[in-house]
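Q: One structure coming up, written as structure tokens, with questions to follow.
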Amino acid sequence: MTNMPISADLIAEHNAPQIEALQEDYDALGRKLARGGVDIDAIKARVAAFSVAVPSWGAGRGGTRFAKFPIPGEPTNIHEKLEDCAVINQLGRRTPRVSPHFPWDKVSDFVALREEAAALGLGWDAVNSNTFQDQPGQAHSYANGSLSSQDAGARQQAVEHNIECIEIGRQLGSTDLTVWVGDGTNFPGQQDLGRSLDRYLDAAAQIYAALPDDWRMLLEHKMFEPAFYSTVISDWGSSILAAQTLGDKCKCLVDLGHHAPNVNIEQIVARLHRFGKLGGFHFNDSKYGDDDLDSGSINPHQLFLVFNELAEAEANPRDGFNPSYMIDQSHNVTDPIESMLSSAETITACFTKASLVDRAALHAAQEANDTMMAFQALRRAYTIDVAPILAMARMEAGGAIDVLATYRASQYRARKAQERKAVGLGAGIV
Ligand code: PSV
Ligand code: MN
Ligand code: MN
């Protein structure tokens, strides 16, 4: 790949003065882990095989309903977003797939778009439908819902849009459709809570019927927003019941920000896996609600505990273990490339720490009702600084030892500010 946005020489040049110190740190950590019977190279191989997708919409500055503050050089279309995603993957090496959102990322030739991404070293992750906004020229409004709307025309339009997303995804090489609807109510009594779910299930079944054999339909639950009294797929209970009703290819997707504060999300993960319905994640962090803050910036321990349940699930796959991992963040005050570089590192660190949990010691302590030692088995892994493993895996794959410093040295955003047209001011997500 010759036309990559960051030159391999620049990455090598920035790595060179750091290699000796990295090797020392890696060897020291290797000796420490070896004392506990862990082979650091085996852990590094797991890290090298780990990946998380980035959302196309995350490449642009997010915003709130109050304002959006664009930055110079921000991407304005899917081609520019792909280029930014390629930078993230070139430097960090853990994000080789992009998850698109339609119609935001609509183009006339998706086969060409697939090739364009491949030339940048990128593949495609889950396709996301959008029936939470009206689009210009659309026949039916989603003002009163989409898949659960009382308006049969709006429901049909939402079903057709999702089927079109599947068709686009086939051309891109995706195998997952993620469905999140904003459907719900703002007042008690506004809609019949039972009948709206019936309508949703009926419409969702029509989408499910159009899924190719090797595809999955991922249902993303969310407790509130934009509806503030009830949402039709409000929680993992509604989600798993809908997924069980729809069929084997339908799974549940857990967006970390879509729960009430302090909900035990790691237990939800364990439950969904127990019943064969764990489909995937949207990683982000929150202090209050669906804040879409950078992963692990508020509660990194929760992220570790989620990965601990995933490590348990991987060790006990039951009917299978293949969750899809994606970042879903809104970057309101940072350069989105920097946020996603940092978040991918945090997510990978939690995955790595969970891989270092001494499961035999944990299970023995659990069997013996030794609460403190069970907790210590988790604590020991959580407190290990795994940065040298992550950096070594990155460097060996051609990435940067210090991703943020190398990105800044590349002057990438400043160069794009010269080339790209300015993003207009306004409110809301890209
Ligand atoms: C909804 O809050 C959500 O998390 C869904 O994943 C959407 O598709 C995404 O945000 C992007 O707006
Ligand atoms: Mn999400
Ligand atoms: Mn969300």
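Q: Return the residues of region 208-226 that are in contact with a Cys (Cβ under 9 Å, 6 or more places away or on another chain) and either outside any helix (DSSP H, G or I) or within 16 Å of ligand 1 (Cβ to nearest atom) (or both); say none if nothing qualifies.
A: Leu211, Arg216, Met217, Leu218, Leu219, Glu220, His221
Q: Can you tell me which of Ala53, Ala126, Ala49, Ala119 is more than 16 Å from ligand 3 (Cβ to nearest atom) and either basic (Lys, Arg) or closer than 28 Å to Phe307 by Cβ (or both)?
A: After ruling out the rest, the residue left standing is Ala49.
Q: Identify, please: which residue in region 177-211 is of a type in the set (D, E, K, R) and out of contact with any Gly (no Cβ under 7 Å at 6 or more places or on another chain) and is, among those, farthest from Gly279 (Cα to Cα)?
A: Ranking the qualifying residues of region 177-211, first place goes to Asp192.
Q: Taking the residues in region 243-257 that are more than 16 Å from ligand 1 (Cβ to nearest atom) and not in a strand (DSSP E or B) as candidates, determine which candidate is surrounded by the most Cβ atoms within 10 Å (Cβ to Cβ).
A: Only one residue tops the list, namely Ala243.
Q: Same structure, new question: Would you confirm, using the coordinates I've provided, whether Ser129 is in contact with a strand residue (DSSP E or B) (Cβ under 7 Å, 6 or more places away or on another chain), touching a residue at least 12 places away in the same chain (Cβ under 8 Å) and polar (S, T, N, Q)?
A: Against the criterion (in contact with a strand residue (DSSP E or B) (Cβ under 7 Å, 6 or more places away or on another chain), touching a residue at least 12 places away in the same chain (Cβ under 8 Å) and polar (S, T, N, Q)), Ser129 qualifies.
Q: Another question about this same structure. Of all residues in region 328-344 being under 28 Å from Ala377 (Cα atoms) and surrounded by 20 or more Cβ atoms within 10 Å (Cβ to Cβ), which is farthest from ligand 1 (Cβ to nearest atom)?
A: The qualifying residue farthest from ligand 1 (Cβ to nearest atom) is Ala344.
Q: Now, a different point. Looking only at region 311-328, which residues are away from ligand 3 (no atom under 16 Å from the Cβ) and touching a Gly at 6+ places or on another chain (Cβ under 6 Å)?
A: Asp319, Pro323
Q: Would you confirm, using the coordinates I've provided, whether Gly36 is of a type outside the set (D, E, K, R), touching a residue at least 24 places away in the same chain (Cβ under 8 Å) and over 17 Å from Ala405 (Cα atoms)?
A: Spelling it out, Gly36 is indeed of a type outside the set (D, E, K, R), touching a residue at least 24 places away in the same chain (Cβ under 8 Å) and over 17 Å from Ala405 (Cα atoms).
Q: Looking at Leu278, Leu246, Leu256, Leu241, which is the one that is touching a residue at least 40 places away in the same chain (Cβ under 8 Å) and closer than 23 Å to Arg155 by Cβ?
A: Of Leu278, Leu246, Leu256, Leu241, the one residue that is touching a residue at least 40 places away in the same chain (Cβ under 8 Å) and closer than 23 Å to Arg155 by Cβ is Leu246.
Q: Which of the residues that make up region 181-207 are of a type in the set (Gly, Ala, Ser) and assigned to a helix (DSSP H, G or I)?
A: Gly194, Ser196, Ala203, Ala204, Ala205
Q: Follow-up question, since we're still on this one. In contact with a Leu (Cβ under 9 Å, 6 or more places away or on another chain) and within 14 Å of ligand 2 (Cβ to nearest atom): is that true of Ile233 in this structure?
A: yes
Q: Quick one: is Gly63 at pLDDT below 95 and more than 18 Å from the chain's Cα centre (by Cα)?
A: yes
Q: For region 94-116, which positions are surrounded by 23 or more Cβ atoms within 10 Å (Cβ to Cβ) and in contact with a Cys (Cβ under 8 Å, 6 or more places away or on another chain)?
A: Across region 94-116, the qualifying residues are Thr95, Val98.
Q: Hey, another quick one. Quick one: in region 266-284, of everything that is of a type in the set (Gly, Ala, Ser) and either farther than 18 Å from Ala242 by Cβ or assigned to a loop (DSSP other than H, G, I, E, B) (or both), which residue is farthest from ligand 3 (Cβ to nearest atom)?
A: Gly276
Q: Name the helices (runs of 4 or more DSSP H) wholly within region 33-135 that hold at least 3 residues that are under 27 Å from Ala417 (Cβ atoms)?
A: Of the helices (runs of 4 or more DSSP H) lying wholly inside region 33-135, those with at least 3 residues that are under 27 Å from Ala417 (Cβ atoms) span 78-92, 110-119.
Q: Separate question: Consider region 275-292. How many of its residues are within 16 Å of ligand 2 (Cβ to nearest atom) and either of a type in the set (D, E, K, R) or surrounded by 21 or more Cβ atoms within 10 Å (Cβ to Cβ) (or both)?
A: Of the residues in region 275-292, 11 are within 16 Å of ligand 2 (Cβ to nearest atom) and either of a type in the set (D, E, K, R) or surrounded by 21 or more Cβ atoms within 10 Å (Cβ to Cβ) (or both).
Condition check ((1) more than 20 Å from Ser7 (Cβ to Cβ); (2) in contact (Cβ under 8 Å) with a residue 12 or more places away in the chain; (3) away from ligand 3 (no atom under 16 Å from the Cβ); (4) not hydroxyl-bearing (Ser, Thr, Tyr)) across all residues:
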{"site": "Gly60", "(1), (2), (3), (4)": "yes, yes, no, yes"}
{"site": "Pro70", "(1), (2), (3), (4)": "yes, yes, yes, yes"}
{"site": "Ile78", "(1), (2), (3), (4)": "yes, yes, yes, yes"}
{"site": "Leu82", "(1), (2), (3), (4)": "no, yes, yes, yes"}
{"site": "Gly92", "(1), (2), (3), (4)": "no, yes, yes, yes"}
{"site": "His101", "(1), (2), (3), (4)": "yes, yes, no, yes"}
{"site": "Asp105", "(1), (2), (3), (4)": "yes, yes, yes, yes"}
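Q: Looking at Thr346, Thr371, Thr352, which one is under 27 Å from Val87 (Cα atoms) and free of Cβ contacts under 8 Å to residues at least 60 places away in the same chain?
A: Result of the check over Thr346, Thr371, Thr352: Thr346.
Q: Separate question: Could you go through region 297-320 and let me know if any residue there is closer than 16 Å to Trp236 by Cα and within 16 Å of ligand 2 (Cβ to nearest atom).
A: Yes: region 297-320 contains one or more residues that are closer than 16 Å to Trp236 by Cα and within 16 Å of ligand 2 (Cβ to nearest atom).
The values are calculated or read from the model by the stated rules, or taken from the named source; none is laboratory data. None of these values were measured; they are calculated from a predicted model. In this analysis, Cβ positions are derived from the backbone assuming ideal geometry, glycine residues included, and neighbour counts consider all displayed protein chains.
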